[in-house]
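Enquirer: Quick one: structure below, then a few questions.
The values are calculated or read from the model by the stated rules, or taken from the named source; none is laboratory data. This one's a predicted model, so the numbers in the text were calculated from it and none came from an experiment. As a convention, Cβ positions derive from the backbone with ideal geometry for all residues, glycine included, and neighbour counts pool all protein chains shown.
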Amino acid sequence: MGGRIRRPDCDPAAVADAVRLLRAGQPVAFPTETVYGLGAPALDHRAVARIFSLKGRPADNPLIVHLSSAAMLDTLVAGLPEAAEALIKRFWPGPLALVLPRAAGVPDIVTAGLDTVAVRMPDHPVALALLDALGEPLAAPSANRSGRPSPTRAGHVAAEFEPADLPLILDGGPCVHGLESTVLDLSGSSPRLLRPGAVTTEQLEPVVGPLAGKPGEAAARSPGLRHRHYMPDCRVVLAEPSALSVVCARELAAGHRVGLFCVSGGERPSGLALYRRVPDLATFGRAVFATLHEAGQLRLDVLVVERVSPEGLGLAIMDRLRRAAGAEA
Ligand code: TXA
Ligand code: MG
């Protein structure tokens with residue numbers, strides 16, 4: 001890795017250099033508590049356009065705007081519904097993005113022409129320091145090329161983009177949650193879950209009442225969900241806990257290079273090129289994307305992953321895994 005990966009905790013000039021680059025219209029990658037983001041000043045439509053082209057992102061997939069203060073919110077949204085105020089009080093800073101009626105000054109490219117904008121306040125000291133130093137909101141998708149697994153470490157970002165295209169990656173260590181934020185639409189008559197994330201349905205419903213858009217209901221409206229996502233460099237096969245060893249044996253017998261990522265007990269199959277067993281669901285969620293990246297680096301043919309129950313954090317984990325495995329969103 002070159003000198004473009006810099007740690008603000010031991011390199012005090014890193015944040016100031018990031019601000020200089022952002023003001024000059026250059027992208028900067030930064031850590032959040034969910035995944036790494038690829039930032040551009042949200043009100044600078046040219047800088048935002050560069051992010052779209054760098055990622056190869058379809059123009060109909062809007063970006064989340066990140067902020068560090070209520071004052072920044074005023075420039076982005078046209079009024080706050082009551083539910084938004086309660087959610088902000090309870091969950092910000094944190095992994096909850098709110099879709100709200102947009103203010104007139106937000107460039108069309110950020111919202112993909114929608115009349116709403118997604119906003120969130122990240123819970124990471126480096127992200128907050130960067131936003132404070134810049135003094136304005138940052139539009140930031142996950143810092144991966146479109147369709148690839150999200151980055152949860154600075155090295156994942158560096159592997160995706162050439163230094164000439166991305167001159168600075170702020171390194172804040174591994175992301176605590178490792179799954180992107182929950183996206184909740186508050187622009188309609190009732191709150192609708194567009195993307196499950198680290199803030200769970202079980203945590204949201206006591207604050208805002210029953211959510212629409214949960215699994216089994218009509219397809220969610222988040223434009224990002226229409227696109228292919230999280231494609232690693234190997235096949236991903238999901239299996240029930242009781243079937244893990246059989247599936248691994250079948251893949252090994254076919255002569256494949258096999259990895260296993262699991263959370264439950266059971267014997268470790270021999271002959272695996274990667275074996276990761278984690279103690280609990282939070283660790284599983286934190287390690288999902290890192291394990292998909294590692295599977296590619298190790299040139300696995302197939303990564304066998306344990307299915308978890310789609311409750312609590314398991315809903316977000318299974319959403320990412322199903323899409324990594326090529327199932328419909
Ligand atoms: O955790 C996160 O949210 C990370 C970090 C960097 O903050 N960011 C992230 O961005 O995951 P991205 O671009 O990978 O995903 C943004 C999601 C997409 O599914 C997009 O369609 C949805 O948010 N979204 C953004 N604006 C929206 C809007 N106005 N209405 C509906 N969905 C929106
Ligand atoms: Mg993304």
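Enquirer: Contact list please: Cβ distance under 9 Å, first residue in region 132-144 and free of Cβ contacts under 8 Å to residues at least 40 places away in the same chain, second residue within 16 Å of ligand 1 (Cβ to nearest atom), pairs at least six apart or on different chains.
Expert: Qualifying pairs under 9 Å: 135/72.
Enquirer: Is at least one residue of region 279-291 assigned to a helix (DSSP H, G or I), in contact with a Ser or Thr (Cβ under 7 Å, 6 or more places away or on another chain) and surrounded by 22 or more Cβ atoms within 10 Å (Cβ to Cβ)?
Expert: yes
Enquirer: With the checklist (1) of a type outside the set (Asp, Glu); (2) within 16 Å of ligand 2 (Cβ to nearest atom); (3) under 16 Å from residue 183 (Cβ atoms); (4) touching a helix residue (DSSP H, G or I) at 6+ places or on another chain (Cβ under 7 Å) in hand, flag the one item residue 98 doesn't pass.
Expert: (2)
Enquirer: Look at residue 53 and say whether it is among the polar types (S, T, N, Q) and touching an Asp or Glu at 6+ places or on another chain (Cβ under 6 Å).
Expert: Answer is no for this residue.
Residues are listed down the side, and each one gets a yes or a no for (1) part of a loop (DSSP other than H, G, I, E, B); (2) over 30 Å from the mean Cα position of the chain (by Cα); (3) farther than 16 Å from residue 321 by Cβ; (4) at pLDDT below 95:
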residue	(1), (2), (3), (4)
236	no, no, no, no
246	no, yes, yes, no
249	no, yes, yes, no
268	yes, yes, yes, yes
276	no, no, no, no
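Enquirer: Out of all the residues in region 175-183, is one or more more than 16 Å from the chain's Cα centre (by Cα), more than 16 Å from ligand 2 (Cβ to nearest atom) and touching a residue at least 40 places away in the same chain (Cβ under 8 Å)?
Expert: Taking every residue of region 175-183 in turn, none turns out to be more than 16 Å from the chain's Cα centre (by Cα), more than 16 Å from ligand 2 (Cβ to nearest atom) and touching a residue at least 40 places away in the same chain (Cβ under 8 Å).
Enquirer: For residue 194, work out the one condition from (1) part of a loop (DSSP other than H, G, I, E, B); (2) over 14 Å from residue 34 (Cα atoms); (3) within 15 Å of the chain's Cα centre (by Cα) it doesn't fulfil.
Expert: In the conditions (1) part of a loop (DSSP other than H, G, I, E, B); (2) over 14 Å from residue 34 (Cα atoms); (3) within 15 Å of the chain's Cα centre (by Cα), residue 194 misses (1) alone.
Enquirer: With the condition kept exactly as written, say whether any residue in region 294-304 is out of contact with any Cys (no Cβ under 6 Å at 6 or more places or on another chain) and within 22 Å of residue 201 (Cβ to Cβ).
Expert: no
Rundown of residues vs (1) crowded, with 19+ Cβ neighbours inside 10 Å; (2) part of a strand (DSSP E or B); (3) of a type in the set (A, V, I, L, M, F, W, C), yes/no style:
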site	(1), (2), (3)
65	yes, yes, yes
104	no, no, yes
114	no, no, yes
157	yes, no, yes
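Enquirer: On to the next question. Output the residues belonging to region 131-163 that are of a type in the set (A, V, I, L, M) and within 17 Å of residue 48 (Cα to Cα).
Expert: Listed by number, the residues that qualify are 131, 134, 138, 139, 140, 143.
Enquirer: Test of understanding: among 308, 304, which residue is crowded, with 23+ Cβ neighbours inside 10 Å, at pLDDT 95 or above and not in a helix (DSSP H, G or I)?
Expert: 304
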